[in-house]
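Here is the structure we will look at.
The values are calculated or read from the model by the stated rules, or taken from the named source; none is laboratory data. Bear in mind the structure is a predicted one, so any value in this text is a computation, not a measurement. FYI the Cβ positions are ideal-geometry reconstructions off the backbone, even for glycines, and counts take in every protein chain you see.
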């Protein structure tokens, strides 16, 4: 483990004596001497905190020395709600024009960022909603597409080849799951 190797911890007894200062020193070494990226530092601190939480739970150590260590800020868009102008929000909330979208069509849309590994950003989607429901429902059901053909290995995916009708320029995988 990186933490133990960096601080030359060689025995369980030495690991029981780890305190907040040792964790802070390790964090500083990662940042300043090793030049580790903030995401790496954050992930390593989280892993070490999980280890010590486990050790506290089973009475091996008295406290988690990582618990109050500040994690580096990581600039990422994942999990953030995008801000919309009033005009954009209205366009999203308004019912689609029944003559405008049809089942099976491919459209380019901007999907908001989610909490996990959901497809997000500007990307093609295929309309799966039956045309009869478009005038009734205030939304349109879609399935996101990806150009990563490796995704076709998952069950319930569908490969869509580009053609003049769908406007795709590369084969794409419908991520139905």
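Below, the figures for the structure above:
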| item | result |
| --- | --- |
| Residue within segment 126-138 that is farther than 20 Å from residue 111 by Cβ, assigned to a loop (DSSP other than H, G, I, E, B) and under 24 Å from the mean Cα position of the chain (by Cα) present | no |
| Segment 26-50 - residue that is surrounded by 15 or more Cβ atoms within 10 Å (Cβ to Cβ) and free of Cβ contacts under 8 Å to residues at least 12 places away in the same chain and, of those, farthest from the chain's Cα centre (by Cα) | 36 |
| Verdict on residue 27 being at pLDDT 90 or above and farther than 19 Å from residue 67 by Cβ | no |
| Residue check, residue 76 under 24 Å from the mean Cα position of the chain (by Cα), assigned to a loop (DSSP other than H, G, I, E, B) and either modelled with pLDDT of 80 or more or within 24 Å of residue 146 (Cβ to Cβ) (or both) | yes |
| Hits in segment 121-169 (condition: within 16 Å of residue 102 (Cα to Cα), touching a strand residue (DSSP E or B) at 6+ places or on another chain (Cβ under 8 Å) and either free of Cβ contacts under 8 Å to residues at least 40 places away in the same chain or outside the structural domain of residue 104 (by TED's automatic domain parsing) (or both)) | 125, 127, 128, 129, 141, 142, 143, 144 |
